[in-house]
C-alpha cells in the first residue's frame, strides 16, 4: 500500500518560481524514503505541503489515506513532523514539552506518561529530560525533537534534514534510531542533501532537482542505471597537461564522459576493471605521468550528475540554498 | 471541548513561559512603576488646572497609563511570534491537530493575563499615593483593556507572520505605535490639545479607550463614551482576528 501519494503536486511562489513542479510520488508503507537534492530543489516545500503546513497550489496528495487538500485536519492525526528548526521549546523541559505534544494530540494523561518513558528509553533522553531545553547540546535537542515528532505514534514521520548541524557521531546515533523507528512500522519520509545519508539510510529514494523528481528507486537500482564505473586520475604536472589529457580522453571510444574535478580528471567507463590497463597504456604512450589513480563504483552523486549535468557535491558546497526554507 | 482543552493547555504553556523569563517579568512590573515614580511628579503643578480637574493628578494619569500598558503588551507580542517562527515551534504546533484559534490566541490571552497582573500591582501601589480607585469602574476597564490587548496583539502577531523578521517588524510596529500613542492622550489628556489634534484623535481607536478608562476610573460606567469605546474596540477585535486567522492559515511558510 502507498502511504503517501502525490499526483502533479505543484507549488508556485510569486506567480513564477515553480518550487515544486508537477511532482508524482508513491511511497510504500513501512520504509525509510529519502528525498535527496541540493538546497532549493523543492524538498522542504514538498514536505511542507504533504504535512499540511502550506497550501498545495495544484495537484493531489494523500497521506495515510487522507486527502491533504480537503481534509488537512485528518492528515494531522496520522503524521509527525520534525522541521529543520525542530521546534523544541527552549523554556520548557523535554518532559514538559513531550507532555504538551501528547496532550495536544488528544492522548490521555496515563498514555502520555507511558509514552514519555518509552521515548526516553528509545531516544536516550534520560540524562536531560528534566532540564530546560535551552541547555541541551545540538544532538540532545535533535533527539528531543524527533521524540516530539513521534510522541503520538504517527504512521508517517516527516523529517526535514534530520542530521544537518550534527557531528558525525550524533548523526550515526540518529540513523540507528531512525532505523529502529522504521522497524516498529513507522514510515519515514526524510529529506537530506547528504549523499551518504541518503545512501545509507533510505530503503528507497527520490532525487529531486528544480522542483522535479529526476530519479526514483532503491539506491542500488539508481546506481545500476549508470551502468558504469568512474576512474579518478591526478597527474604529476600542471594544468596544460590536464587539458591535453582531456582532449586525448575524449577521443577514446570506451570513455563515455570525462570531466575535470579540481586537480583531478574523472572518467566514466562501462567497465572500470577492463578500462584501467587500456588507460595506463594510453597515458604511458603520451608520456603523461600519473600521480594517483582510483577506480570507484557509481555513487548517488554520479546518478545526480548523469540526470542533471551537475555534481551534487558542488551544488551543495557552492549554493547555500536559494531561500527554500524561509 | 477539544478546542477548550487546547486553549487551556496552550495558555498554561504561554503563561508559564513568562514566569521563566525573569528579565521580562522585571521590566513588565517596573515600567508602570517607573512612570509612576518619575513622571507623575512632573504633573503635580497641573493638579486642578486644565486637563487635571481632580486634586490628585493620578486620577487622570493612571487610567491613561493603563491604556498605554495594554497597548504595549499586545503590540510587542509579534517579537515572540518571530522567535517561535524561527525556531520551528509554530510549525511544530501547526502540524498537531490542536485548534488553530487556540494556537493563535493563546499567547495573546497570556498577555492579557499578565497585563491584568501588572495593572493590579500598579493600582495597588498607586492607592497609598492618593489614587481614588473605583472597583467596579476598574473591573469594567480591565475588560475593555483586555479587548485592546487582543486588537494590538492580533495586529502585531499578523505583522510578524507577514514580515517574518525582526528588523522590518520592529520598524512597522514602532512606526505605527508612536503616532497612535501620542494622539491618544495616554500621558497627557488631549483636552489640553489644539482642535486639529483632537480632530485627528477621533480616528485613533486608542483615544476612545483612554477616554473611557478615565471615565470608568472616576466611577461612571453607563456612559456614551464608554459604550463607544467598547463598540470601537469590539469591532476592531473582530476585524483583527479575522485578518490574523486568514494570515495564520496561509502565510506561515
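Each value in this text was obtained by applying a stated rule to the coordinates, not by laboratory testing. Everything quoted here is computed from the prediction, not taken from an experiment. Reconstructed Cβ throughout: ideal geometry from the backbone, glycine too, with neighbour counts over all protein chains shown.
If I model region A:47-138 as equal point scatterers sitting on the Cα atoms and use the Debye formula, what is log10 I(q)/I(0) at q = 0.16 Å⁻¹? Listed by q, the Debye log ratios stand at -0.78.
By the count of other C-beta atoms within 10 Å, a proxy for reagent exposure, A:54, B:199, B:221, B:90 are ordered fewest to most as B:199, B:221, A:54, B:90.
Here region B:179-253 and region B:17-37 have alpha carbon centers that stand 24 Å from each other.
Approximating the spin labels as points 7 Å out from Cα along Cα→Cβ, the residue B:238-to-residue A:8 distance works out to 4.1 nm. Where Rh is the Kirkwood radius over the Cα pairs of region A:229-296, the temperature 37 °C and the viscosity 0.692 mPa s, what D in µm²/s does Stokes-Einstein return? Rounded to a whole number, D works out at 280 µm²/s.
A Förster distance of 56 Å, applied to the separation of the beta-carbon atoms of residue A:210 and residue A:183, puts the FRET efficiency at 0.95.
Semi-axis lengths, largest first, of the ellipsoid equivalent to region B:1-61 are 40, 17, 5 Å, with √(5λ) applied to each eigenvalue of the Cα gyration tensor. Using all pairs of distinct alpha-carbon atoms, the Kirkwood hydrodynamic radius of region A:2-223 works out to 17.7 angstrom. Helix A:109-122 versus the longest principal axis of chain A: what is the Cα-based angle in degrees, 0 to 90, to the nearest 10? Taking Cα atoms only, the helix is inclined about 30 degrees.
If R0 is 45 Å, the Cβ-Cβ spacing of residue A:264 and residue B:27 corresponds to a FRET efficiency of close to 0.15. Helical content of chain A, expressed as a calculated mean residue ellipticity at 222 nm, amounts to -11500 deg cm²/dmol (DSSP H runs of 4 or more residues, -39,500 (n - 2.57) each, divided by residue number, nearest 500). Across region A:121-264, Cα-Cα pairs farther apart than 23 Å form 55% of the total.
I need the Debye-formula profile for the protein assembly as shown: one equal scatterer per C-alpha, no solvent, reported as log10 I(q)/I(0) at q = 0.06, 0.10, 0.12 1/Å, two decimals. Each listed q maps to, in turn, -0.44, -0.91, -1.12.
Remark on chain B: ratio of C-alpha radius of gyration to 2.2 N^0.38 Å is 1.03.
Each part reduced to its alpha carbon centroid, region A:128-204 and region B:105-162 end up 43 Å apart.
Mean partner shielding of peptide A:244-253, defined as the number of other chain Cβ atoms within 10 Å of each residue Cβ, is 0. Counting only other chain Cβ atoms within 10 Å of each residue's Cβ, the peptide A:71-84 averages 3.
Sorting A:221, B:91 from the fewest to the most surrounding beta carbons within 10 angstrom yields A:221, B:91.
Centroid-to-centroid, using Cα positions, region A:259-299 and region A:20-88 are 42 Å apart. Residue separation of residue A:243 and residue A:164 scaled by 0.36 nm, minus their Cα-Cα distance, works out to 24.7 nm of gained length.
Expressed as a fraction of 2.2 N^0.38 Å, the C-alpha radius of gyration for region B:206-253 is 1.57. Compared with the dominant principal axis of the Cα atoms in chain B, helix B:205-217 is inclined by about 60°. Taking Cα atoms only, the orientation of helix A:138-150 departs from the longest principal axis of chain A by about 60 degrees.
Remark: mean inter-chain Cβ contacts per residue of B:10-22 equal 2, using a 10 Å Cβ-Cβ cutoff to other protein chain atoms. Taken over the C-alpha atoms, region B:133-246 has Rg and Dmax values of 15.1, 44 angstrom.
Structural descriptor for chain A: relative contact order 21 percent, calculated from alpha carbon pairs under 8 angstrom and at least 6 residues apart.
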